[in-house]
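Undergrad: Below you'll find the structure I mean.
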Amino acid sequence: MQPGVIDSRNLSPGQRVAVKYFIAALVLFLAQVVFGLIIGLQYLMPDLFLGSLDFSTARMVHINAMIVWMLFGFIGSIYWLVEEEAGVSLVGQWLANLIFWVFSIAVSVVVVVYLFVQYGPGEHSSLWLINEGREYIEAPRWADIGIVVCMLAFFYNIAATFMKGKWSGISGVLVLDLVALAGLYLAGMFYSTNISMDQYWWWWVIHLWVEATWEVLVGCIMAWGLIKTIGAKRKIVTTWLYIEVALMFGSGILGLGHHYFWIGTPEYWLTVGGFFSALEPVPLVAMVVHAIYDAGVHRFKSGNHPALAWLIAHAFGNFFGAGVWGFMHTLPQINLYTHGTQWSASHGHLAFFGAYATINIAVFYLAIQKWRGNVWMSAGMPGNGWKWKWSLALLNLGMIGMTMALLISGYEQSFVERALGGSTWSAYFQAQQTAWFVQGMFWRQVFGYIFAIGTVLLIWDLLTVGRGEHRPQAQLEEVMTA
Amino acid sequence: MSTTLWWASEEFWRKTAVWVTAFMAVVLIFLTFDSVKKITAGSQRVPAYTVINQRIYYRWNAERGMQEPVIGDEAPLFGQKLDADAAWALVDKGKLTIQARNCMNCHTLLGNGAYYAPDLTKAWLDPAWAAEPVRETLMLQFLLDPETNARGFGSNRKMPNLHLTEDEARGIIAYLKWMSAIDTNGFPRNFKPIAQPGD
Ligand code: HEM
Ligand code: HEM
Ligand SMILES: [Fe+2]
């Protein structure tokens, strides 16, 4: 093992699969950003690509690329840690590789069809072959089935590996959570004429993913990450994980009701959804306390500075994006006016980035470190680590800027279109043209470019960090006493 | 460790996590049975598809403190009264087209979707369709050629021509009419519907 040189022999079999997922995830992340810039620009220049790459098509690619890259990142993370947690090597290595290729090729085919076929006639065959027209889960039905098969094979691989080796608190939570995550996807796989029924089940997938099962999944990764990066005590971390599960599922499952205010569902959801979703920030506060407290106890010393920085960004991003930005519009009295406006976009961006992009990036840094033979990634990296520091700064600045700009547009839209204008066609356009709304759209685009520069820098850094570095990774004991 | 307090022990929180999750899941399933019954087409809140044979109003209900859809007398869509099967078939065509053409990645329906274009929850009742006698014709014209018939109200954002067939466009209009009759707990609030006979 020679520090500084990329060599797959530095990785365990599961980790070799993991890095494939990470590379695919980064490609899709870049695609997400490119298509984000296109649709952002269409708000400012509505004739851009009209009739050739309509807003709807580009937006579908933007949000689907996001869902898939994050899932790839999660799958990769689990492959990354499973062998260490289980204490044995991955049970089905060829299977893991096969699923990776099947999954990736399927995703490529779906995207090519999105871009070049775009849409079809109003028949079931379009939903089976082209797209389902349901936000975030637009993937055509054939791909849904493929995804389920891939997930089952993946799940078998992970569960069997733990069964062969040993179980831990973290792996127990992880495996049960994966069952729920995959099972929920089924709720999004049927067609209904009835829009109320359609959205009722659609939210099972979307909400119960991001506000329940994904949160717990990243809780597991975070728990493991804290043990890895700063040497936190397993017993403490596991207890925290249980507390977080109790609080997250305790609030998030019925918090689902905050999407059932206005879709035809009964009035009791106003109370149930408002109450439980208002409690959802509680576990997110607990997570910040946990992460910062643990990192503080270990005096923020770590063998991988970029990873620790991104884990801390995760704790805060999750709290602000999901907890604070979510809470702001979660009570029905407020949501009546903010529902379906740029408020939702503001929250959606900060939450997905803050909670899920961050932690994936942290794992990417852990992965590249090991891939390069456990190279030094603590203080005093070459060039003072300017690339990771600048990409961290630009990505966060870009995202916060976009979120703020969208929030201002969202306020304007809520007042002018929803409250004053009563949400008619003309009220919609009246709001879209107010000076503050337009400024919000302009600044979102400016900060979007900053975010994009950060993305390119991040990828460049991941490709080069540790190259030519000969010092091995700082040992935690060493740093502790240093 | 015997010195660990019960409320700080791993075991206590493990059990708590399991029980809390199980309890919440059971409550959700229970509420889901009730909700599904109440949002099945043909219920009080979500009307049967034959509602497209009727006039639909959106009126203030002082008791509830919100507007709600009110189903009026006969006003068949395109002047043709449909039985239950035919009504469903037309509305279903609309739904399939809405999904296949990806309308919700520009528009919101019931407030969910994308924010690039107006919310369509009450599009059937929108005052921009001028008056009841010309509404269906105007809607059909618009959907079949949204670029030529663009409004924009001062903005130059346009809906692209999605090359709908006339059948698809009629299905969509039926869909929008049916959807406007769903009781959405007063969303959108303060909406000013098109004037219709009986207002
Ligand atoms: C990491 C966790 C979260 C993520 C990734 C997330 C993401 C999103 C996204 C993308 C939407 C827009 C959905 C659409 O396209 O219609 C949304 C909607 C919403 N979120 Fe979150 N969210 C998270 C957590 C929360 C939390 C904790 C709360 C409440 C405290 C919350 C409250 C809401 C509400 C009320 C809406 C509905 C907005 C509307 O009416 O248009 N979210 N969320
Ligand atoms: C380069 C920067 C980006 C730009 C310019 C951008 C722009 C946009 C635009 C214009 C929309 C459509 C909103 C609408 O329907 O009106 C959108 C949707 C969305 N984007 Fe981005 N985006 C960017 C990066 C990101 C990133 C990094 C994430 C998450 C990690 C993200 C997550 C989302 C989500 C979740 C939605 C759906 C929101 C909703 O329906 O409420 N975007 N984005
Ligand atoms: Fe939610």
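The values are calculated or read from the model by the stated rules, or taken from the named source; none is laboratory data. This one's a predicted model, so the numbers in the text were calculated from it and none came from an experiment. Methodologically, a virtual Cβ is constructed for each residue, glycine included, from the backbone with ideal geometry; neighbour enumeration extends over all protein chains shown. These area figures cover heavy atoms from the full protein model, side chains too; ligands, DNA and RNA do not enter into them. Shrake-Rupley method; radii C 1.70, N 1.55, O 1.52, S 1.80 Å.
Matching residues to (1) closer than 20 Å to A:I130 by Cα; (2) within 14 Å of chain B (Cβ to nearest Cβ); (3) open to solvent by less than 20 Å² (accessible area, probe 1.4 Å):
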site: A:A143; (1), (2), (3): yes, no, yes
site: A:L152; (1), (2), (3): no, no, no
site: A:N157; (1), (2), (3): no, no, yes
site: A:M163; (1), (2), (3): no, no, no
site: A:L176; (1), (2), (3): no, yes, no
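Undergrad: Then there is this: Among the residues of region A:39-55, count how many are without any contact (Cβ under 8 Å) to a residue 24 or more places away in the chain and part of a helix (DSSP H, G or I).
TA: 3
Undergrad: Can you run down the residue pairs with Cβ atoms below 7 Å, 6 or more apart or on separate chains, where the first is in region A:422-445 and modelled with pLDDT under 95 and the partner is open to solvent by less than 10 Å² (accessible area, probe 1.4 Å) and away from ligand 1 (no atom under 16 Å from the Cβ)?
TA: Close Cβ pairs (under 7 Å, with a partner that is open to solvent by less than 10 Å² (accessible area, probe 1.4 Å) and away from ligand 1 (no atom under 16 Å from the Cβ)) do not exist here.
Undergrad: Same structure again: So if I check each of A:I361, A:I368, A:I312, which one is within 16 Å of ligand 2 (Cβ to nearest atom) and not in a loop (DSSP other than H, G, I, E, B)?
TA: Result: A:I361 is the single residue among A:I361, A:I368, A:I312 that is within 16 Å of ligand 2 (Cβ to nearest atom) and not in a loop (DSSP other than H, G, I, E, B).
Undergrad: Which one of A:L254, A:L247 is under 30 Å from A:I292 (Cα atoms), part of a helix (DSSP H, G or I), within 16 Å of ligand 1 (Cβ to nearest atom) and open to solvent by 30 Å² or more (accessible area, probe 1.4 Å)?
TA: Just a single option satisfies the conditions, and that option is A:L247.
Undergrad: Restricting to region B:61-105, name every residue that is within 17 Å of B:A169 (Cα to Cα) and surrounded by fewer than 17 Cβ atoms within 10 Å (Cβ to Cβ).
TA: Answer for region B:61-105, where residues must be within 17 Å of B:A169 (Cα to Cα) and surrounded by fewer than 17 Cβ atoms within 10 Å (Cβ to Cβ): B:P76, B:F78, B:G79, B:Q80, B:A86, B:A89.
Undergrad: Same structure again: Would you pick out the residues in region A:262-276 that are more than 16 Å from ligand 2 (Cβ to nearest atom) and of a type outside the set (A, V, I, L, M)?
TA: Of everything in region A:262-276, those that are more than 16 Å from ligand 2 (Cβ to nearest atom) and of a type outside the set (A, V, I, L, M) turn out to be A:G264, A:T265, A:P266, A:E267, A:Y268, A:W269, A:T271, A:G273, A:G274, A:F275, A:F276.
Undergrad: Can you tell me how many residues within region B:39-59 are in a strand (DSSP E or B) and of a type in the set (F, W, Y)?
TA: Counting residues in region B:39-59 that are in a strand (DSSP E or B) and of a type in the set (F, W, Y) gives 2.
Undergrad: Need pairs with beta-carbon distance below 9 Å; first residue assigned by TED's automatic domain parsing to the domain that holds A:I400 and within 14 Å of ligand 2 (Cβ to nearest atom) and within region A:315-326, second basic (K, R) and open to solvent by less than 10 Å² (accessible area, probe 1.4 Å); sequence gap 6+ or separate chains.
TA: none
Undergrad: So, one more: Consider region A:99-120. How many of its residues are in contact with a Pro (Cβ under 8 Å, 6 or more places away or on another chain) and either over 25 Å from B:I172 (Cβ atoms) or more than 13 Å from chain B (Cβ to nearest Cβ) (or both)?
TA: Residues that pass the stated criteria total 1.
Undergrad: Is it the case that A:T238 is in contact (Cβ under 8 Å) with a residue 60 or more places away in the chain and either part of a helix (DSSP H, G or I) or within 16 Å of ligand 1 (Cβ to nearest atom) (or both)?
TA: Spelling it out, A:T238 is indeed in contact (Cβ under 8 Å) with a residue 60 or more places away in the chain and either part of a helix (DSSP H, G or I) or within 16 Å of ligand 1 (Cβ to nearest atom) (or both).
Undergrad: On to the next question. Tally the residues that are facing another protein chain (nearest Cβ under 7 Å) and more than 17 Å from A:S346 (Cα to Cα), restricting the search to region A:420-443.
TA: 9
Undergrad: Which one of A:F49, A:F35 is within 14 Å of chain B (Cβ to nearest Cβ) and at positive phi?
TA: Result: A:F49 is the single residue among A:F49, A:F35 that is within 14 Å of chain B (Cβ to nearest Cβ) and at positive phi.
Okay, residues lined up against (1) closer than 22 Å to A:A367 by Cβ; (2) within 16 Å of ligand 2 (Cβ to nearest atom); (3) among the aromatic types (F, W, Y):
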| position | (1), (2), (3) |
| --- | --- |
| A:F162 | yes, no, yes |
| A:S168 | yes, no, no |
| A:S171 | yes, no, no |
| A:I195 | no, no, no |
| A:W201 | no, no, yes |
| A:C220 | yes, no, no |
| A:I230 | yes, no, no |
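Undergrad: I'd like to know if region B:137-160 contains one or more residues that are within 16 Å of ligand 3 (Cβ to nearest atom) and surrounded by 16 or more Cβ atoms within 10 Å (Cβ to Cβ).
TA: no
Undergrad: If I go through region A:271-297 residue by residue, how many of them are within 12 Å of chain B (Cβ to nearest Cβ), open to solvent by 40 Å² or more (accessible area, probe 1.4 Å) and either more than 15 Å from ligand 3 (Cβ to nearest atom) or within 20 Å of the chain's Cα centre (by Cα) (or both)?
TA: Qualifying residue count, region A:271-297: 1.
Undergrad: How about region A:323-349: which of its residues are more than 6 Å from ligand 1 (Cβ to nearest atom), open to solvent by less than 40 Å² (accessible area, probe 1.4 Å) and closer than 16 Å to A:E280 by Cα?
TA: Matches in region A:323-349: A:W325, A:P332.
Undergrad: With respect to A:E123, is the statement that it is more than 16 Å from ligand 3 (Cβ to nearest atom), at the interface with chain B (Cβ under 10 Å from one of its Cβ atoms) and open to solvent by 20 Å² or more (accessible area, probe 1.4 Å) true?
TA: The answer is yes for A:E123.
Undergrad: For region B:94-121, name all the residues that are hydroxyl-bearing (S, T, Y) and within 7 Å of chain A (Cβ to nearest Cβ).
TA: Selection gives B:T97, B:T108, B:Y115, B:Y116.
Undergrad: Only one residue in A:S302, A:S251, A:S346 is polar (S, T, N, Q), within 16 Å of ligand 2 (Cβ to nearest atom) and either at pLDDT 95 or above or under 27 Å from A:W388 (Cα atoms) (or both), so which one is that?
TA: A:S346
Undergrad: Take the residues in region A:186-210 that are open to solvent by 20 Å² or more (accessible area, probe 1.4 Å) and away from chain B (no Cβ under 13 Å); name whichever of them is nearest to B:I29 (Cα to Cα).
TA: Checking each candidate, the answer is A:L186.
Undergrad: I'd like the residue in region B:107-127 that is in contact (Cβ under 8 Å) with a residue 12 or more places away in the chain and open to solvent by 20 Å² or more (accessible area, probe 1.4 Å) and, out of all such residues, is farthest from ligand 3 (Cβ to nearest atom).
TA: Filtering region B:107-127 for residues that are in contact (Cβ under 8 Å) with a residue 12 or more places away in the chain and open to solvent by 20 Å² or more (accessible area, probe 1.4 Å), the one farthest from ligand 3 (Cβ to nearest atom) comes out as B:P127.
Undergrad: Here is a follow-up. In region B:39-60, what residues are more than 21 Å from B:I173 (Cβ to Cβ) and away from every other protein chain (no Cβ under 11 Å)?
TA: Once the filter is applied, which keeps residues that are more than 21 Å from B:I173 (Cβ to Cβ) and away from every other protein chain (no Cβ under 11 Å), region B:39-60 yields B:R59, B:W60.
Undergrad: Would you tally the residues in region A:330-345 being touching a helix residue (DSSP H, G or I) at 6+ places or on another chain (Cβ under 7 Å), within 14 Å of ligand 3 (Cβ to nearest atom) and outside any helix (DSSP H, G or I)?
TA: 2
Undergrad: Within region A:57-88, can you find the residues that are under 23 Å from A:A139 (Cα atoms), more than 16 Å from the chain's Cα centre (by Cα) and open to solvent by 10 Å² or more (accessible area, probe 1.4 Å)?
TA: Scanning region A:57-88 gives a single hit, A:R59.
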